[in-house]
1. Report the Stokes-Einstein translational diffusion coefficient (µm² s⁻¹, integer) for the stretch 18-68, Rh taken as the Kirkwood radius over Cα pairs, at 4 °C with viscosity 1.567 mPa s.
2. Along the Cα→Cβ direction, 7 angstrom out, place labels at residue 86 and residue 179. What is the inter-label distance in nm?
3. Residue 187: net charge of surrounding residues, Cβ under 14 Å, Lys/Arg +1, Asp/Glu -1, itself excluded?
4. Exposure proxy check: 28, 58, 203 ranked by fewest other beta carbons within 10 Å?
5. When N counts the residues of the stretch 62-189, how does its alpha-carbon radius of gyration compare numerically with 2.2 N^0.38 Å, as a ratio?
6. Name the residue, out of 215, 127, 247, whose mean-square fluctuation peaks in a Gaussian network model built on the chain with Cα pairs under 10 Å.
7. Would you order 209, 241, 141, 76 from fewest to most other beta-carbon atoms within 10 Å of each residue's own beta-carbon?
8. What ranking do 1, 145, 39 get, fewest neighbouring Cβ atoms within 10 angstrom at the top?
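Quick note: the coordinates plus some simple rules give every number you see, no bench work behind them. Nothing here was measured: the structure is a model prediction, and the numbers come from that model. Every residue, glycine as well, gets a Cβ built from its backbone with ideal geometry; the counts of neighbours run over all protein chains shown.
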Amino acid sequence: MRIGLYQFAPEFAKTEKNIRNITEAVKRSDADILVFPEMALSGYLFTSREEVRRAAVRPDGPWINGLREAADKQGCYVVIGLPELSDDGFYNSAVLIGPDGHVGTYRKVHLFYEEKSYFGAGNLGFPVFRIKGLSLGILICFDHMYPEAARCLALQGVEVICHPSNLVLPEYGQLTTRVRSIENRVFWILANRTGSEERGGKRLAYTGCSQITAPDGKILTQAGEKEEELLTVEIDPSSACDKRVTPLDDLFSDRRTDVYSRYLDTDVKCPDL
Ligand code: ACM
């Protein structure tokens, strides 16, 4: 099984151009699963709900037709971040598209910063998708800061976590996702974007350095900070089913849920500074 990512700089409000770019990457790729950044269709730095409304698409709308054809020809599944239009508003979502079209959607659970003004918080839970004999889950960017998110997927048996991102905090995402790989013993495809956006007096610089990590935390491939790159690696997904770090330490069967459960409803208390 080959998994991969495409790191690039989506152009703001140039949906058709971004889709063409994404489709060309699918045609060039030898991956079974290829992951693209967060908001890869639209760009990220929205300054009003009106801009979101103009950019938002239905996950199974006609925009997927060319992409589905390319996925069919390559025998490939793709995960792409986009602003989702739904009957009850907008979501920061990622869709899974395969040779037969739209397979499923994940809506970002942990919204970041001004996203909270434009998007609803994800309400589809952490769904698991079974393709090509493999279970995969999707998280989006800031979800990486919450270990619970990856753990919810890992407990459902995913071997691969696909992670469309627009990371802006230096190094955090590259570090945390490597740790999440280790603590959950899963493969992790971090597909970040590059470049910067300057709009409405605001500026964001994206950190690139997309990477794929293995269940033992090894970085299997990593992109540069600024380059557009298409990276793929061969993996054995079954290695994500072994949760042992030594013959006597299984990270999953050794969990102490009897202890953790005492704290699930604890009110957050911060120490006095
Ligand atoms: C982020 O969640 N886009 C930082």
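1. The Stokes-Einstein estimate is 104 µm²/s.
2. 3.0 nm
3. 0
4. Going from least to most buried by this count: 203, 28, 58.
5. Cα Rg divided by the expected 2.2 N^0.38 Å: 1.05.
6. 247
7. Fewest-to-most ranking of 209, 241, 141, 76: 241, 209, 76, 141.
8. Starting with the residue having the fewest Cβ neighbours, the order is 145, 1, 39.
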